[in-house]
Structures are given as C-alpha cells and as structure tokens.
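Nothing in this text is a laboratory measurement; each read-out follows from the coordinates by a stated rule. What you see is a predicted model, and the numbers here were worked out from it, not measured in a lab. Ideal geometry is used to build each Cβ from the backbone, glycine not excepted, and the neighbour counts take in all protein chains shown.
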Amino acid sequence: MASTATASAPHRVAAPNAETGLWSWITTVDHKRIGIMYGVTAFLFFLMGGVEALIIRAQLAVPENRLIEADTYNQLFSMHALTMIFLALMPLTAALFNYVVPLQIGARDVAFPRLNALSYWIFLFGGLFLNASWFLKAAPNSGWFAYAPITTKAFGPGLNMDFYVLGLQVVGLSSIVASLNFIITIINLRAPGMRLMRMPIFTWMTLVTSVLIVTAMAVFTIAITELLFDRFFGTNFFNTVSAGADPLLWQHLFWMFGHPEVYILIIPILGIVSEVIPTFSRKPLFGYNVMVFSGVLIGWLGWGVWSHHMFAVGLGPIADSFFSLSTMLIAIPTGIKIFNYLGTMWGGSIRYTTAMNFAVAFIVMFTIGGISGVMHAVAPSDLQQTDTYFVVAHIHYVFFGGTVLGLWSGLYYWYPKVFGRLLDEKLGAVHFWGTLIGMNLTFFPMHFLGMFGMARRTWTYSRDLGFNEMNLLATAGAFLIAASTLVFAINLFTAWKRGELAGDNPWGAATLEWSMASPPPVYNFAALPQVHSRMPLWEGDPTKSAGIPHGRVEESTDQITLGGTKVGELHEATETNKMSAHDLGIHLPPPSFWPIVLAFGISLLFGSMIFRQVEGAWHNLWYLSFAGLATVVVSIYAFAFEPGHSH
Amino acid sequence: MKSTGSLGRPHANGAATGTPSRAAAGRTRLGALALPLLLLAAGCGPDHLKHYPATTFAPVTSYAREQDWLFRYVLVLGVAVGIVVFAALAYVLVRFRHRPGAAEPQHVHGNTTLELAWTLIPAVILAFIAVPTVKAIFSTQAPAPANALHIVVMGKQWWWQFKYPVNGGRDTVLTANEIHVPVGRPVELILKSDNVLHSFWVPQMGGKRDLVPNHDNKLVFTPEEPGVYYGQCAEFCGDSHALMRMRMIAQTPEDFQRWLDNEASAAAEPADSAVMLGRQLVTSKPCVGCHTIKGTVMAGVTGPNLTHFGRRRTMAAGIMDNNAQNLATWLRDAPHVKPGSKMPDMKTLNLKDEEIPYIVAYLQSLQ
C-alpha cells in the first residue's frame, strides 16, 4: 500500500500522500473520514453545550440563586443555543450526510471532495473561534436570535457580539459550502438506475435540507453582514438611537433564516427514522411518494411562517392571521409523516434495538413538540406563551426530543457500518431510558412554568411565584440526561475497539450502504451497482436476512440480489477490496492540504477582526487580517490548480 | 449571599393577596376544564392563584379571557389528537413486536385511502382551530374605544416608566414600576422604548406586547376587577432582564382618580427634622442628576420619578417590598442587587452609612 502511495509523481515534492496517521487525517478528502471527523468534533461540541446547559440548570435549581453572575448566565444561554445548533446538531447531521449519502446513492465520494474537507475545517476553526470568546470573558450574550438593538454598539459595546457576527459568518460559510456539495452530489453522482424516486428517504431529506441551508444561510449571512458593518464600520441598519432604524428588520431577516433552520435540524431526522423504522419493522416505508413530497412540502412551507416568532412585536392583525394559518398548514405534512410511520410499523415484525427505541421515542416526543407548535400558531394565545418557558419546553421537545433522539437513533444504526462494530445494546438501553426519562423530567415541567408566568432568559426568579419545585425537577432531569450521555460516550468509545463485530449488514437493511464491508473500503464500491428498486438489498428473498436476533445477518446474504448481481458476488468483490484502490484501477482524488490552509486563512481573516476592536496594544494587529487575506488568495490559487491525479 | 433574601419578597403586597372573588372566578373556569389530571399535576385547583401568583390561568380581562379560552380549546384538541396517536402507536408497538418464528411481514407500500384520510382529517381539525384564531386575532387587536385612558409605557434598562395624561391631556404625570388602572374603563397602553427591546406582560391582564424602539405598539384591555397583579418584562433586555418586574394595580375609578390627583401634586414637605435632613442629603448628593422629585430641585430623568415614592408597594422594578431595610440595602449597593444597574453603589454616590437612615426616612415620607 505504501508503495502505491510513494509512487506519486516526484515533481510534486509537497503533495501529501500519507494514508495513516495524523497527517492522513489532516489531508484527507475521503467523505467517510470527513464524516467521522465531523461526528467526533460535533459530539465534543455537544458535550460542551451540555455542560453549559448544566451550569444554567444549576443556577436555576433554586430561586434567587447567585451561583453565577447575570452576565455569565446570559453568555451561557446564548452559547448553549449557538453551540448546540451550529456546532453540534447541524454538524452531526452533516456527519451522517457525509458518511452515508454517497454510500446510499452508490457513489465513490461526494462531487467535490476537497470542498468537503474545506467545509469541515472551516466548521472546526469557526467553532473554536466562537468558543475562544470564553477566554476573553466575552462570549455572545444576547441569545441565539440576538435581537437588535441590544446587539448594536450603543447597547452592546463589548466584544461579545463581535464574536457572534464573525464566528457565525465563518461557521455559516462552512454550511453553505457543504450543502452545495451535497446537492450536486445527490443530483449528479447517483448509481445507474437510481432515479430520484428510488433514492433512499435519508438521501432525499439530505437534499431538501441542503437546499434549505443554502437558501436560509444566505439570508442569515446578509443579516450578520449588516450587523458586522454596523458594529465595525458605522453603518446604520439596526442603529435605533441616532439613525432611527426599525429593529424589526433584524427580526424579519433572522427568522427568515431561523425558521427554516428549525427544519434544517428536523428534516434530516425525518430521513433517519425513515430508514430505521422500515429496517426494524421488516417492512418497506409506507407511502414512499407521500413521504418524499411531505418532506419537500415541510421545507417549502418552512419559508412562509417566520413571523409566527413575532406575534408580540406588533405586525397587525392581517400579518398575524397569515402567519397563524401558514404555520398551522405545516402540521398537515408533519402529521402525514407520523401516521406513515405508524403505517410502516403496522403489520411489521418490530425489533426493539436501541436505534429503533430512539426512533419510536422520537415519534412521541416530536409529536408532543408538534402539538405545542400548533398551540404557538394560535396567535392570540401565543401572546401568553411566547418568550416564556412554554416556548423553551416546545423548542426542546423539537430539538432534543426530535433532533437529538433522532440523531442518536442514526448513530446506533450506522455506527456498525462506520466502525465495523456494534454499539453495546445494554449500555444502549441505559442511555435510552436515562435520556428519555431525563428529557421529560427536564422539559415537561417547563410547559407549566411558562403558563404560570416564568419568562425565558431570566437569570433568576422570585421564590414566591411557585416556580421552585418544577425548576428543581428540571435541574434533576438535566443531570440525568448528562449521566446518560456519559454512558453513551463510553459506549461510543469502547465499542470502537471492543464492540461485537458487525458484518456487512447487521440489521438486515435494504439500502446500498449495507451491501459492502463494514467499515467500507476507501473507494466504497468496487464496481458501481446497477439499481432496480428502492430497496436493492430486499429485492431477492428478504426472509434470508430475517429471523436473527436484532436482525443480524450472518453469512446468508448470498441469495439477495443487488441490481441483478448476487450480493455474494459483490461480497467477493469486497474481499478483493482488501487491495488498494490503485490495485483495482480505481481513481480516487488525492489528499490535499489546501483545504485546511484555506480554512485557516478564512478563519484568520475574520477572527483577526476581533483584535481591531480592542484598545491598546492589540489595536495594531491589522497585519493579521492581511495575513489571513493573503493566505486565502494563495490557497485558492493553489487549490484551483492542484492536479487531480497523484500519478 | 445576604442581599438575595431581600429579593424574595415581591409578593407580600403583590398578587398573592389578590381579591378572593377573582380567585373564585378563576376557580370555576378551571373546574370546568375537562383535563383534571393534567391540571392536578400542575397544581391547579382552588388555591391555584395562591400558589402561582403570576399564572396565566386566572384571567381578569376579556382580552385575557379570550386568549385563555383559545388556549384551553386548542389544548383539548391537541391532547385528544395526542391520545389518539399515542394509543395507536402503543397498539402497534405491542401488537406487531417481533415474535420468534413469526412469518416475514408482507411488503405493503402504501394505501391511498388511508393516506388521504390522515391528510384530510388533520386539515379539518385545523380549520376548527383556524376560524376562532383569526376571529380572536382581530378582536384582541381592535382599536381602542373613544373613552379609553391612554397610558404611555416606556421600557428602561431595567425598570418601567408610566406616563398619564392629567388636566385634560395638557399635563402629564410620570411614575414608575407600578401601573395604576381604573376598573371598568378601557385602557390603551402606548408601548415605547428608547433603548433596547422589552415586553409588557401582566399575565392576568393578558398576553404580552413588545416595546420596540422607533415602532410604537398598542395594547388595549379593560380591567374588570380591583387587585394587584404581577408583571414581568418578557423580552430579553440585558443583564437584569430577570429583575425587571412590575405590579399592575387595578382600582375603582374613585380610588384611581384620588391616586392620580395625588401623583400630580408636588412632593410632601418634610414633617420633622430627620426627614428634613434626608431631603437635604438627597438634594445635595448625585441623586439629583438622575431622579426627579417634584417640588425640589431634583429634575433628573435617567432614573425613576420619586415624587411619590413612599406610596409604592415595591421598589427597584418590583423585585422587593418598599421598606426601610430593602431601601437601605439598595442605597448601599444597587449594582449588586440589580446587576448592570445605572444606580451606583454608596461610595460612588458619596453616601456615608450614617446618612442612609435619613435618606430612607425622606423617601418613605414621599406619600
């Protein structure tokens, strides 16, 4: 293997060629490795956001607590949201998109492998930059939706919101780049015979999500660019004091992004459970076409509901009515999905693996979040709920009960494909029940707290308002979630080396990613598969892969055909896959270090602007920005002219 | 922390002691609700208002009642839908669990009739929600009647300023943190901010409305029962957002008029030497720069108007009872009690410990 690597042309002295070790990860353009890096990084950020949540809950455990300062609390709740949304949940979905989608559509990689690496490194540096604000005691402190004008210089002179505009600018760039890549990959790189309406639902939902990210992130980029110009160059988009700006401009721009963002975080999950539930029910997805179109419709309608976040700001009865009704409409495609999941399980043979448990819990928790969502759509009564803990409960039933439970389902489901070993089911059960009970202890009482008058984003509360017991309960629940997550982390880590070997298709699933060895060879498919149906691996005699505890398949996939080829033959091909891609004559894009250099340059360019805001010695560090810009220019040039062949 | 204890008494005079008749009205409405279990879990019942003085479930205006009715209506529908879905799910999960030796399931790909049904049925349910929703949107935002009392509400970091018209609108009266309203007369709040966003929220009076700079908002309701109602800023507004509270005091028209006339008058003259000394201190210290006390040299506008401060039930934006001890705590170290407060500590105010009792005595004399 090493010999093929060192065979690269001698005239390119600097070309990276490592296949193992740290350097190989830094220069990799393999979608699978990038997926793993996304996953590991995002999980670490998830733990960080979780610790922030625990400090918040510790502060709120008892009334009139002075455990932390008010400003620290404001930084914590802001960073908790930013970390979870931009640095944990979105990248965790990106990890699955990266790893799974090319395998599901029968491709050897994404359309632009180096761009894929670039988006990961930008995400990593952007996330680190955003969190570097803690060292200056100046993390963003105006909430994730950062309503003007508290974010303008007049009311927020500190560095806090500078970190917000600069950090999210960088992180947002990563999301846009990655999503363009997924869209092009899904449109162009499908295996022969995989028509759009044969794509696995997870791939479909990746496509919908990616379109939403590209369009919604563009709006957000405009908003934070305007705020950046206000803060750094004295423009007057949101300056209410001297320029008479209407701060509702920010709210419109933010929620035009922010509401699609909610669907950006939930549509991938609708894809995940649409894979998990059929697999463990041993039945195809009920109403595939409707599932596709309802997913597209949710994404589309998600663009027409943003002002339901703004019922209290005074838009007038006509706008309120429009956004009430459009929001209610979303309940219809969402309901269809829930009922179609029931239809999928109906008549099935349901195996309760941890992945399936999380998928089922997702249905229940997300439905609760959906019901409270319809309650928010009712504008007049929403005036009592908005900006209270009722909303906090609702968003956590959607983001935690929906997104997080769905992601955990996906991780239990695809982990064996990624690492070749199964996650432990006993630890999985502890993780599952702890998380489910913990989240309900934490978030269910918040519905009542809100209706009983507790406003959100309050650093402390009076002991006389009856909030005490329910807050203590919520704090206890949060620590239960934390303990369960620790069990999950241990499971993820120990199974990596010591887990039970998974085999190619441990769950007896139907989609293409299960047709190859676990973990897959670097080139994924030795020969590109010919696809004839939505469930290539169930085409032959599906009973062959049934009847084993947890649906584990042993050596019996030989009867199942894959696009007319016996999977057994494919299996043999994967045996030969022990050989390198080069031996098989498969061209793979060579590794490159330009993605990380370019990402570093972009981050330096934005990050160095922080220093311009500090008085004194740092003030003159303008050359850092210049160095960043120079790095960007040079690395874009090198990126563009880098040879695509290493031999 | 010692001082935190003083934060904990906003309710001795507050909504907790609201009138019994109002509580009873809330009780019957609660009792009529078909969700006894849910409400039991929430501690609803005869003592609901006593346990949860800031609750939204004890509406006292038609504005709030309309919202409350809608909430309960949608809650019942939502819980009913939830029960149906979860019962079906539970059935499926048990009935179709994997059994050893069972036959492989049939591969069903869909069912158009069923899928149409679960598209149309939710649509019909939503129509039943949509119609009353739109009706209520328009009725709760109807323009104020001609006889309405207009009060300008200005949100500050972190307190409330209320401006009343007097003398037929020729003059105005400024007060802070306790908004008085007459029972039986429509009130139109004109909501303004000259700083960041805030949100006016007195749960028993009804849903909140934001205070947006350069974008005046209105909120119309008719107080129906005398009482003291708890309020809180509901839009994040910075460090002490949590401590930006208020009281709404609904009074009979006669009581209200008496209160307003008193507010319009100048501050009481000191009745004894201690109070006199207090006034001398207040009017010679930096207090002058920020506060107004009508009838003295004090005309600052940064902080609350203190002309009739002694009459207020609470202080520091409704976070504690207005009494000598809390007042002294506040004067000694306001930024500790309320982080980010523009009111500095006693050192910056050039106050000495032995001066504080006199200032307290003077402020309490401002009836």
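Given a Förster radius of 51 Å and the C-beta distance between residue B:266 and residue A:638 as r, what FRET efficiency does 1/(1 + (r/R0)^6) yield to the nearest 0.05?
FRET efficiency, residue B:266 to residue A:638: 0.05.
Please identify the longest segment of chain B free of exposed trypsin sites (Lys or Arg not before Pro), where exposed means a DSSP state other than H, G, I, E or B and no more than 15 other Cβ atoms within 10 Å.
With a cap of 15 other Cβ atoms within 10 Å, the longest stretch comes to B:171-341.
Modelled label-to-label distance, residue B:93 and residue A:235, 7 Å Cα→beta-carbon offset: nm?
It works out to 5.1 nm between the two label points.
How about residue A:497: which lysines have a C-alpha closer than 28 Å to its C-alpha, ignoring those fewer than 8 places off in the same chain?
Cα-Cα hits under 28 Å: A:32, A:417, A:426, A:578.
Using only the alpha carbons of the stretch A:127-196, determine the length spanned along each of the three principal axes and report them from longest to shortest in whole angstroms.
58, 25, 14
Full extension from residue B:255 to residue B:299: what is 0.36 nm times the residue separation minus their Cα-Cα distance, to one decimal in nm?
Between residue B:255 and residue B:299, full extension yields 13.1 nm more.
Quick check for me: using +1 on Lys/Arg Cβ and -1 on Asp/Glu Cβ, what's the dipole size of the stretch B:174-275 about its Cα centre, in debye to the nearest 20?
Using only the charged Cβ atoms, the result is roughly 380 debye.
How big is the Cα convex hull of the stretch A:172-293 in projection, averaged over all directions, in nm²?
Mean orientational projected area (the stretch A:172-293, Cα hull): 9.4 nm².
What value, in deg cm²/dmol to 500, does the helix sum -39500 (n - 2.57) over DSSP H runs of n ≥ 4 give at 222 nm once divided by the residues of chain B?
After summing the helix terms and dividing by residue count, I get -11500 deg cm²/dmol.
State, as an integer percentage, the relative contact order of chain A based on alpha-carbon contacts under 8 Å between residues 6 or more apart.
RCO, chain A: 17 percent.
Say the dipole of the protein assembly as shown comes from +1 at the beta carbon of Lys and Arg and -1 at that of Asp and Glu; which of A:291, A:535, B:82 then lies farthest toward its positive end?
B:82
Please compute P(r) over all alpha-carbon pairs of the stretch B:273-365, binned at 10 Å starting from zero, and give each bin as a whole-number percent.
Binned Cα distances yield the sequence 17, 57, 26, 0.
How shielded is B:65-73 by partner chains, expressed as the average number of their Cβ atoms within 10 Å of its Cβ atoms?
The mean count of partner-chain Cβ atoms within 10 Å per residue comes to 4.
Round to the nearest 10 and give me the degree value, 0 to 90, for the angle of helix A:389-398's Cα axis relative to the longest principal axis of chain A.
For A:389-398 against chain A, the angle is about 10 degrees.
So what is the relative contact order for the stretch B:273-365, in percent, with contacts set as C-alpha pairs under 8 Å and at least six apart?
35 percent
So in chain B, what percent of DSSP beta bridges are antiparallel if you round to the nearest 5?
Antiparallel bridges make up about 70 percent of those DSSP assigns within chain B.
Roughly how crowded by other chains is peptide A:288-295, in terms of the mean Cβ count from those chains within 10 Å of each of its Cβ atoms?
What the average comes to for A:288-295 is 2.
Evaluate the charge dipole of the protein assembly as shown about its Cα centre and quote only its size in Debye, nearest 20, assuming +1 on the Cβ of each Lys and Arg and -1 on the Cβ of each Asp and Glu.
660 debye
First measure r as the distance between the Cβ atoms of residue A:215 and residue B:121, then evaluate 1/(1 + (r/R0)^6) with R0 = 30 Å and state the FRET efficiency to the nearest 0.05.
After rounding to 0.05, the efficiency reads 0.40.
Step through the table entries A:337/B:208; B:163/B:352; A:153/B:342; B:192/B:347; B:285/B:338; A:137/B:352, compare each Cα-Cα distance with 24 Å, and write down the pairs that go over it.
Where the Cα-Cα span goes over 24 Å, the pairs concerned are A:337/B:208; B:163/B:352; B:192/B:347; A:137/B:352.
Would you give the gap between the C-alpha center of the stretch A:220-248 and the C-alpha center of the stretch B:202-243, rounded to a whole Å?
Each part reduced to its Cα centre gives a spacing of 27 Å.
Mean Kyte-Doolittle hydropathy of -1.0 or higher plus an axial Cα length of 30 Å or more: which whole DSSP H helices in chain B meet both?
In chain B, the long hydrophobic H runs are B:62-95, B:112-140.
Of A:643, A:518, A:116, which is farthest towards the positive pole of chain A's charge dipole, taken about the Cα centre with +1 and -1 on the beta-carbons of Lys, Arg and Asp, Glu respectively?
Farthest along the dipole direction, towards plus: A:518.
Say the dipole of the stretch B:273-365 comes from +1 at the beta carbon of Lys and Arg and -1 at that of Asp and Glu; which of B:341, B:306, B:276 then lies farthest toward its positive end?
About the Cα centre, the residue reaching furthest to the positive side is B:306.
More than 39 Å apart: what percent of Cα pairs in chain A qualify?
So the portion of pairs separated by more than 39 Å is 31 percent.
Suppose only helical runs count, i.e. DSSP H with n ≥ 4. What mean residue ellipticity at 222 nm does that imply for chain A under -39500 (n - 2.57) per run, divided by all residues and rounded to the nearest 500 deg cm²/dmol?
So the helix-based figure for chain A works out to -20500 deg cm²/dmol.
If R0 is 60 Å, what FRET efficiency do you get for residue B:336 and residue A:433 from their C-beta distance, rounded to 0.05?
0.85
Within 10 Å of each Cβ in B:209-219, how many Cβ atoms from other chains are there, averaged over the peptide?
Mean partner-chain Cβ count within 10 Å for B:209-219: 6.
How many angstrom separate the Cα center of the stretch A:141-157 from the Cα center of the stretch B:159-176?
30 Å
For the stretch A:297-346 and the stretch A:30-75, what is the separation of their C-alpha centers, rounded to whole Å?
If you average the Cα positions of each part, the centres end up 29 Å apart.
So for chain B, averaging the separation of alpha carbon pairs under 8 Å that are six or more residues apart and normalising by length, what relative contact order in percent results?
Taking the mean separation of contacting Cα pairs over the length of chain B, I get 17 percent.
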